[in-house]
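Below: one structure, written as structure tokens.
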Amino acid sequence: MSTAAYPQAGPDRSAARPQVDAFFDQRTCSVQYIVADPATGRCALVDPVLDYDETSGSIATASADALLARVNEKGLTVEWILDTHPHADHLSAAGYLKDRTGGRTAIGERIVDVQRLWKEIYNLEEFAADGSQWDRLLADGEVFRIGDMDARVMFSPGHTLASITYVVGDAAFIHDTLFMPDFGTARCDFPGGDARALWHTIQRILSLPDETRLFSGHDYRPGGRDPAWESTVASQKASNIHLVRAPTEDAFVAMRQARDAKLPMPKLILHALQVNMAGGRLPASESNGTRYLKIPLDRLAYAVWD
């Protein structure tokens, strides 16, 4: 599925209207994006998914290949492969897509804090927790280019220690901070998460112009409705169910903490983090030619037992 193509708004790079294509992954309810500069045909891939079946341990690339097919169909050139944060519910296809396109990989600079935390959880003594698995680590306020468009980085902690938002013209890629208004906001109970930090991140995002298009990283389809992923600052202010019900910082933190206490961990969190904190690279093959994921037992005290 994709949004329509839009023409560039004018010479002001900060005011450009990028073309956005969205791809919904039903297995993980994730949304991947292609954000392109219509003037140059250069683009970035945002939060790409590497298919993984936890019951068999099988890896596939159909989701990432759908991005490549659209890139080829439109004659685009991939400049960047961007992750908004180290995902807990799917494996990142950043490594695979870098090999296929030559695009540069990037993530927020606070990934090193996540790496240090999870390196200890996984007991990965030789793992380099320095962010060197990406081509570029991005700081709050930093600006880089997608074609002739400026892309600005907003540090967006709360859901994770390392989350960032990409603001490209009139579009902001807000990962798991805000979902569609009928579903609310992100959980904050992962290691390093913080509900109060999420509140401040949300306020910062909602300080963008009301007409800013907000692109979420997931849609859980409440009530079984069709998948959706695009909202605006104005619509989130008016009708986000969590912000309407908990309109102050303290009320939001209390709501978020109470809600999170009842949620089970994502089923792929222990599978995914060891790949995603390595830039979407799978573990090296062992002597028998097989790759293995490492699952720590009893390290996350977050089980919700029936």
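The values are calculated or read from the model by the stated rules, or taken from the named source; none is laboratory data. Fair warning: this is a prediction, and the values are worked out from it, not measured in the lab. Positions of Cβ are generated from backbone atoms using ideal geometry, with glycine treated the same way; all protein chains shown enter the neighbour counts. These accessible areas exclude ligands, DNA and RNA; they are computed on the full protein's heavy atoms, side chains included. Shrake-Rupley method; radii C 1.70, N 1.55, O 1.52, S 1.80 Å.
Assorted remarks:
- DSSP beta bridges in the chain [antiparallel fraction, %, rounded to 5]: 70
- Shown here for the stretch 245-306: trypsin sites (Lys or Arg not before Pro) in loop regions (DSSP other than H, G, I, E, B) with at most 10 other Cβ atoms within 10 Å, namely Lys262.
- Over 28 Å apart at the Cα level, from the set Lys98/Lys237; Lys237/Lys262; Lys98/Lys262; Lys119/Lys267; Lys98/Lys119; Lys74/Lys98, are Lys98/Lys237; Lys98/Lys262.
- Rounded if a/c under 1.5, otherwise prolate or oblate - the stretch 104-243, Cα gyration tensor axes: oblate
- Estimated from the Cβ-Cβ distance and a Förster radius of 25 angstrom, the FRET efficiency linking Ala62 and Tyr292 is about 0.60.
- Dimensionless Rg over Rh [the stretch 94-146; C-alpha; Kirkwood]: 1.03
- Pairwise FRET efficiency - Glu125 versus Gln26, Cβ, R0 = 35 Å, nearest 0.05: 0.40
- Sorting Glu230, Glu73 by solvent-accessible area of protein heavy atoms yields Glu73, Glu230, largest first, with a 1.4 Å probe.
- Our coupling estimate for the stretch 226-236, obtained by passing each phi through the Karplus curve with A = 6.51, B = -1.76, C = 1.60 and θ = phi - 60°, is 5, x, 8, 8, 10, 10, 10, 4, 4, 5, 5 Hz, Gly and Pro reported as x.
- Taken per residue, the accessible surface of the chain reaches 43 Å², heavy atoms only and a 1.4 Å probe.
- Alpha-carbon centroid distance for the pair the stretch 233-248 / the stretch 100-127, whole angstrom: 33
- Only the Cβ atoms of Lys and Arg (+1) and of Asp and Glu (-1) were treated as charged; on that basis the dipole of the chain about its Cα centre amounts to roughly 160 debye.
- Loop chymotrypsin sites (Phe, Trp or Tyr not before Pro), the stretch 143-228, which have at most 16 other Cβ atoms in a 10 Å radius of their Cβ (DSSP): Tyr220
- The chain - percent of accessible surface contributed by carbon and sulfur, probe 1.4 Å: 50
- Orientation-averaged projected area, Cα convex hull of the chain (nm²): 15.8
- Three-way shape label, the stretch 188-267, alpha-carbon gyration tensor, a/c 1.5: oblate
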